[in-house]
Amino acid sequence: MDAIPQSPPGLPPHDAAPVEPVPSRIVAPWPTETFIENLIALQSGAGIVSILRKAQLDKVSPSRPGQYCASIR
């Protein structure tokens, strides 16, 4: 595979990595243009994500999708 083109100036090019699709499914939808970050994986298989624009945390669980967790104040 070829190196990824257009690396930032001053940085060496990255080696290309093989891409292999894996099974996936949606466990929690948010409105378009919602910025989700800071994923924390829990031992239960659920996760916590932060939504900066709303100043809130959401718990993401395959068994209980879209569960509100807490406001950040």
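Residues in the range 1-34 that are at pLDDT below 80, surrounded by fewer than 10 Cβ atoms within 10 Å (Cβ to Cβ) and within 30 Å of L57 (Cα to Cα): R25, I26. The residues of the range 45-65 that are surrounded by 12 or more Cβ atoms within 10 Å (Cβ to Cβ), of a type in the set (S, T, Y) and either more than 14 Å from F35 (Cα to Cα) or modelled with pLDDT under 85 (or both) amount to a single one, S61.
The values are calculated or read from the model by the stated rules, or taken from the named source; none is laboratory data. In this text the structure is predicted, and so the values were computed from the model without any measurement. Every residue, glycine among them, receives a Cβ derived from its backbone with ideal geometry; neighbour counts consider all protein chains shown.
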